[in-house]
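J.: Got a structure here, written out as structure tokens. Questions coming.
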Amino acid sequence: MKFVLEVDMGDTAWEGNAARELGRILRYWGGNLQYYELKPGDGAAVSDSDYREVGSWSITASA
């Protein structure tokens, strides 16, 4: 299986705050993964600190 995280940082990478925003996304979703079975097909939308959907994570079967 693969864990896939895709995040669109926009044209300005959150006005130069990419490290802070990506860190927040990783901390939030890392802690939230315990509520999923983590089997192929699982996934969810990912939001930034302004609650805008900026990507998603998913579990896929290995290629």
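No lab work stands behind these numbers, since they all come straight from the coordinates. Owing to the predicted nature of the structure, the values given are computational and were not obtained by experimental measurement. With ideal geometry, Cβ positions are generated from the backbone for all residues, glycine too; neighbour counts draw on all protein chains shown.
J.: Looking for something touching a Phe, Trp or Tyr at 6+ places or on another chain (Cβ under 7 Å), in contact (Cβ under 8 Å) with a residue 12 or more places away in the chain and either acidic (Asp, Glu) or surrounded by 11 or more Cβ atoms within 10 Å (Cβ to Cβ) (or both) - is there at least one such residue anywhere in the stretch 28-40?
T.: So far as the stretch 28-40 goes, yes, one or more of its residues are touching a Phe, Trp or Tyr at 6+ places or on another chain (Cβ under 7 Å), in contact (Cβ under 8 Å) with a residue 12 or more places away in the chain and either acidic (Asp, Glu) or surrounded by 11 or more Cβ atoms within 10 Å (Cβ to Cβ) (or both).
J.: Hey, could you check the stretch 3-28 for residues that are part of a loop (DSSP other than H, G, I, E, B) and not hydrophobic (A, V, I, L, M, F, W, C) and say which is nearest to SER58 (Cα to Cα)?
T.: Ranking the qualifying residues of the stretch 3-28, first place goes to ASP8.
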